[in-house]
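What follows is a single structure, written as structure tokens, with notes after it.
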Amino acid sequence: MREDFFLNQLTRFEDTGLGMIVWLVWLALMMLFLFYPTMSQRIQLGYMLRDLEKKLARLKLVKDEVRDRTIETIKRVGKPEKDPAQDIDRLMEFFVIEPESMDPYGIVYKLEHILETGESKFEDEIRKLSPAAEEYKVKTLTNLVEVARTTNYLYRIVRHYYLLGKKTSNIYLILQLQMLMPQLMEITEALRLASYAFAYGQPIGDGIGVLAAAKLAYGKEKARYEIAKDTTVSEIEFENRRVLIVRATGPGGTVGRPGEGVKKLIEREGDNVKLIITIDAGLRLEGDESGKMVEGVGVAIGGPGVDKYKIEEIAKERQIPLYAFVIYESIVEAITPMREAIAKAADTVVEKVKSVLLEKVPAGSTAIVAGIGNTVGIG
């Protein structure tokens, strides 16, 4: 009797069509469960690709803007006989192959040779394109073309991974690229502003070490001469101590050869050198104050490491202490026109260097102070 009641109720439930609706809802949920991850991933991939496409278009605009500014500057400063656009496009594709590191013996000097060859090649090309430019302006124009080359390379790399991710529908590749894009866009904007600085010969944040060295020597030079390619030494007397100040030769855009310069000075001066101080810009962390001066030990030189290696080697051989002063900057501040907060740090560094010279260098001895950085706009 009871079983008949439930059977009748079920029959009525099916007859009303409600059972069919429940069954269809259940089937739809099952289908959604099976196919939703794929659908969701495709929707998410499409959104990320559209976002990257917009950023890639912005990268291309900046690349083209820097290229056009480079061409315009070479025409304005160098007065070339023909349109330099084709040559600039060729130089923007220029590359440098690092030496083989499988056997690391002697790799520093191999790297130095390759880098110097590349630098000479670039300078020769710009010299040909800019017959009316003075020699120091050729250095700055070379830096400007380097900025254009870096911007072009950055655009090509982002475009490569965007197209590869789109072609293979690889959401993980696209996700990684999207995560990196804020930093890449920040660097791109910094390169755009850097092109202004080199186009008009304005000092950049990276030149703070050179500026501090120039201020230390200002008005006290007893002698000044070139010690290595694009590298100048100023000799001063400070509290009965002889100070040799090494820095790149301005106001053209160059970093010189500070490692070679310091090495030659120590070989010439012998055991009379009691201290080596290097001053350079240093990458600050988020939350750190721009323009803050910090001190430590070691060789404060960025870049590929050739100059750093040379100073460390001879300092170890002669047992000369290595002191370093660093001025905090962001990557954007380092390659864009120098900000007031960073420029003011030069005076703080000079006073601190004087204090260390008095404390660590005996009277009658010699110290070397190397101001590291790009000398664009700094004489």
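The values are calculated or read from the model by the stated rules, or taken from the named source; none is laboratory data. Note that the structure is a prediction, hence the values are computed from the model and not measured. Cβ coordinates were reconstructed from backbone atoms using ideal geometry, including for glycine residues, and neighbour counts include every protein chain displayed. Areas reflect the complete protein model, heavy atoms only, side chains present, ligands, DNA and RNA absent. Shrake-Rupley method; radii C 1.70, N 1.55, O 1.52, S 1.80 Å.
Name every residue in the range 292-329 that is in a loop (DSSP other than H, G, I, E, B) and under 21 Å from residue 255 (Cβ atoms), in order of residue number. Show your work before the answer.
Start the filter on the range 292-329 by keeping residues that are in a loop (DSSP other than H, G, I, E, B), which leaves 292, 298-305, 319-321.
Result: 298, 299, 300, 301, 302, 303, 304, 305.
For residue 99, the test of being in contact (Cβ under 8 Å) with a residue 12 or more places away in the chain and more than 20 Å from residue 74 (Cα to Cα) is passed.
For the range 57-80, which positions are open to solvent by 20 Å² or more (accessible area, probe 1.4 Å) and either within 18 Å of residue 191 (Cβ to Cβ) or of a type in the set (Asp, Glu) (or both)? Before you say what the answer is, go through the steps one by one.
Looking only at the range 57-80, we keep the residues that are open to solvent by 20 Å² or more (accessible area, probe 1.4 Å), and these are 57-58, 60-61, 63-65, 67-69, 72, 75-77, 79-80.
Matches in the range 57-80: 57, 58, 60, 61, 63, 64, 65, 67, 68, 69, 72.
Residue check: residue 210 meets all listed conditions (1) open to solvent by less than 60 Å² (accessible area, probe 1.4 Å); (2) farther than 30 Å from residue 363 by Cα; (3) under 19 Å from the mean Cα position of the chain (by Cα) but one, namely (2).
Against the list (1) open to solvent by less than 70 Å² (accessible area, probe 1.4 Å); (2) under 26 Å from residue 84 (Cβ atoms), the condition residue 159 fails is (1). Output yes when any residue across the range 69-82 is in contact (Cβ under 8 Å) with a residue 24 or more places away in the chain and among the hydrophobic types (A, V, I, L, M, F, W, C), and no when none is. There is at least one residue in the range 69-82 that is in contact (Cβ under 8 Å) with a residue 24 or more places away in the chain and among the hydrophobic types (A, V, I, L, M, F, W, C). For residue 106, which of the numbered conditions (1) on the phi < 0 side of the Ramachandran plot; (2) modelled with pLDDT under 90 fails to hold? Residue 106 satisfies all of (1) on the phi < 0 side of the Ramachandran plot; (2) modelled with pLDDT under 90 except (1). For the range 327-351, enumerate the residues that are of a type in the set (A, V, I, L, M, F, W, C), crowded, with 21+ Cβ neighbours inside 10 Å and closer than 14 Å to residue 203 by Cα. Selection gives 334, 335, 338, 342, 346.
The range 164-266 holds strands (runs of 3 or more DSSP E) entirely within its bounds, and those carrying 2 or more residues that are without any contact (Cβ under 8 Å) to a residue 60 or more places away in the chain map to 223-228, 231-238.
Kindly establish whether residue 148 is open to solvent by less than 30 Å² (accessible area, probe 1.4 Å) and in a loop (DSSP other than H, G, I, E, B).
Details: open to solvent by less than 30 Å² (accessible area, probe 1.4 Å): yes; in a loop (DSSP other than H, G, I, E, B): no.
Considered against the rule, which asks whether it is open to solvent by less than 30 Å² (accessible area, probe 1.4 Å) and in a loop (DSSP other than H, G, I, E, B), residue 148 comes out as no.
Filtered by the rule that a residue be under 12 Å from residue 62 (Cα atoms) and of a type in the set (Lys, Arg), the range 158-193 gives a lone residue, 192.
Taking only the range 267-291 into account, find how many residues are open to solvent by less than 80 Å² (accessible area, probe 1.4 Å) and part of a helix (DSSP H, G or I). The qualifying residues number 3.
Anything in the range 84-98 that is in contact with a helix residue (DSSP H, G or I) (Cβ under 8 Å, 6 or more places away or on another chain) and loosely packed, with under 15 Cβ neighbours inside 10 Å? List them, or say none. Within the range 84-98, 85, 89, 93, 96, 97, 98 qualify.
Out of the range 99-145, which residues are basic (Lys, Arg) and either open to solvent by 30 Å² or more (accessible area, probe 1.4 Å) or closer than 25 Å to residue 313 by Cα (or both)?
Of the residues in the range 99-145, the ones basic (Lys, Arg) are 110, 121, 127-128, 137, 139.
The answer is 110, 121, 127, 128, 137.
Checked against the criterion of being among the acidic types (Asp, Glu) and touching a helix residue (DSSP H, G or I) at 6+ places or on another chain (Cβ under 8 Å), the range 143-159 contains one or more residues that satisfy it. The set of residues in the range 239-248 that are surrounded by fewer than 21 Cβ atoms within 10 Å (Cβ to Cβ) and touching a strand residue (DSSP E or B) at 6+ places or on another chain (Cβ under 7 Å) comprises 241, 242. Within the set 236, 277, the sole residue that is in contact with a strand residue (DSSP E or B) (Cβ under 9 Å, 6 or more places away or on another chain) and farther than 22 Å from residue 303 by Cβ turns out to be 236.
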